[in-house]
1. For the range 7-88, what number of Lys pairs, 8 or more residues apart or on separate chains, have alpha-carbon atoms under 27 Å from each other?
2. For q = 0.16, 0.22 Å⁻¹, what log10 I(q)/I(0) does the range 41-88 give under the Debye formula with an equal point scatterer on each alpha carbon and no solvent?
Amino acid sequence: MNTPDTYTSKDKNIIIKNWQNLDETQKQTLLKIWKVLTYKWQLQILFNLPFLLWWVLDVTFIKVHEFDMKLISYLNLPGWATSMMGFN
């Protein structure tokens, strides 16, 4: 059975043991897959960065929040939609 100690200690680490047992072609294939995954994660973070920045500005500066509220009030949304967003 794997315990937290199994994953943290160097001599018992099953990930390192399994990695060392792989041949070079398997290692290269896994590294290529890992690079594709991390590239997609980087891309996702890059795409979400403007929304994260706007959220940080909305939380920190009152004027940005007031602008958001004014913009939402101009949209003339139905009552059920504004209640779902927490404005009623």
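1. Taking the Cα cut-off of 27 Å, the pair count is 12.
2. Result of the Debye calculation: -0.60, -0.85.
None of the figures in this text is laboratory data; all of them are computed from the coordinates on show. Note that the structure is a prediction, hence the values are computed from the model and not measured.
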